[in-house]
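The values are calculated or read from the model by the stated rules, or taken from the named source; none is laboratory data. Remember, it's a predicted structure, so these values are computed and weren't measured experimentally. Here the Cβ positions follow ideal geometry from the backbone for every residue, glycine too, while neighbour counts run over all protein chains shown.
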Amino acid sequence: MPESNVMMEVSSNQGYTGHQIHVCNFAQQWEYYFAWDTKWASPSLTIAELLTSESRGGRSTWGGGLACVSNLGNFAIYTAHVLAAANTYACGRMAWDPTVPAATVDREWAAMTFPAGGAAAVDAVADILGRSWQVYEGYTSPMGIGFIVGQDNPYGCAPKTNYTRGGGEGPGGAACPPVIDHGNHYWMNPCDDYDFSNYSKTGLGCDRTSRGVGSRMIDTYAPALREILDDPARVPEEQLLFFHNKKWTDPVPAYYGNATVRLFDRIRDRHAGALDELRGMAATWGGLEAALGGDARFAGVRSRFLQQINDAAVFSDTTMGFYAALSGL
């Protein structure tokens, strides 16, 4: 819409990313979005440029904006998880200036929130925040797999089952386990969310390529970007399964080292790596006890890390168990 001023809506609310029980900082996610080159103009036309007025170096005549779904509730600590307040701050900070680095935003918030902890606390908190988004995706939905947090939704990319075979909403109409959180989007239920990610015995992922059998969504992108997204060898890894359907046994770069492994193994290894990183994040927070132990918030965050570690392992076991049973691998 070259003649229109536009706004982008994001969510600082973790309704789909761990309910503010899990640390999941969005400054890095939004930075990724802002830097995305749409390739509708030369030499570039990033999302940040589209949202920013010409008077501030952007491409929009009057400027656009950023709207955030709020993450404030009725807890004593408004965001429930202390570290989730970093998302509230990032929303305002990055709406004002979408070019500010996410790392800067996180350090600013950490310094204002934990001044008594000094430089060590700022460094540790900024490190935790900077890693958390990719870690959450790692043990839930890496490589662009998509939304798998417990909601039967028929509006995704997968072939519609019409509740055939087993009378359910899973692959081929298979019956799925009940949604134990009543659709609150916390626990993983990949079978129930088959429609978003198109699992089958042979593979997974949505075919949105310009020459495929799916939605051909890639046709809506600029030609230069379309060429990248259409090519599974060039599409960013974190978007591979959003745009391409791949076999479980297709070779892909390994998560560790320079080897090539099966797609199934790559997803499994990323789950395991993310769980290891999460334990490291919790240990980093634990190392602040001398600096922050007198702050009641320290124990609260430590307790939430304990729950996150437990629940993340359940998320991963549920998801990888489903993939293994479906694929036979």
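Brief remarks follow.
- Selected residue (only one of LEU129, LEU83 is over 14 Å from GLU31 (Cβ atoms) and either at pLDDT 95 or above or in contact with a Lys or Arg (Cβ under 7 Å, 6 or more places away or on another chain) (or both)): LEU83
- Note on region 282-316: residues that are under 23 Å from ALA119 (Cα atoms), in a helix (DSSP H, G or I), in contact (Cβ under 8 Å) with a residue 40 or more places away in the chain and among the hydrophobic types (A, V, I, L, M, F, W, C) amount to 5.
- Options GLN14, GLN28: the member that is modelled with pLDDT under 95 and within 27 Å of VAL314 (Cβ to Cβ): GLN14
- Residue within region 251-264 that is free of Cβ contacts under 8 Å to residues at least 12 places away in the same chain and either of a type in the set (Asp, Glu) or not assigned by TED's automatic domain parsing to the domain that holds GLY321 (or both) present: no
- Within region 106-126, being surrounded by fewer than 17 Cβ atoms within 10 Å (Cβ to Cβ) and either touching a Phe, Trp or Tyr at 6+ places or on another chain (Cβ under 7 Å) or closer than 17 Å to TYR89 by Cβ (or both) holds for ALA111, MET112, PRO115.
- Any hit, region 97-105, residues being buried (at least 18 other Cβ atoms within 10 Å of the Cβ) and either in the same structural domain as ILE128 (by TED's automatic domain parsing) or among the charged types (D, E, K, R) (or both): no
- Region 226-241, subset among the acidic types (Asp, Glu) and not in a loop (DSSP other than H, G, I, E, B), residue nearest to PRO142 (Cα to Cα): GLU238
- Screening the candidates GLU227, GLU237 for the property of being in contact with a Gly (Cβ under 9 Å, 6 or more places away or on another chain) and outside the structural domain of GLN134 (by TED's automatic domain parsing) yields one hit, GLU237.
- Identity of the residue in region 242-281, small (Gly, Ala, Ser) and assigned to a helix (DSSP H, G or I), that ends up surrounded by the fewest Cβ atoms within 10 Å (Cβ to Cβ): GLY280
- The single residue among LEU66, LEU83, LEU72, LEU51 that is touching a helix residue (DSSP H, G or I) at 6+ places or on another chain (Cβ under 8 Å) and exposed (fewer than 14 other Cβ atoms within 10 Å of the Cβ) turns out to be LEU72.
- Restricting attention to region 211-241 and to residues that are among the hydroxyl-bearing types (Ser, Thr, Tyr) and surrounded by fewer than 16 Cβ atoms within 10 Å (Cβ to Cβ), the residue that is nearest to GLY170 (Cα to Cα) turns out to be SER215.
- Of all residues making up region 5-32, the number that are surrounded by fewer than 18 Cβ atoms within 10 Å (Cβ to Cβ) and in contact with a Ser or Thr (Cβ under 9 Å, 6 or more places away or on another chain): 3
- Some residue of region 315-325 being of a type in the set (A, V, I, L, M, F, W, C), surrounded by 13 or more Cβ atoms within 10 Å (Cβ to Cβ), out of contact with any helix residue (DSSP H, G or I) (no Cβ under 6 Å at 6 or more places or on another chain) and in the same structural domain as GLY172 (by TED's automatic domain parsing): yes
- Any chance ALA259 is more than 18 Å from GLY144 (Cα to Cα) and within 23 Å of the chain's Cα centre (by Cα): no
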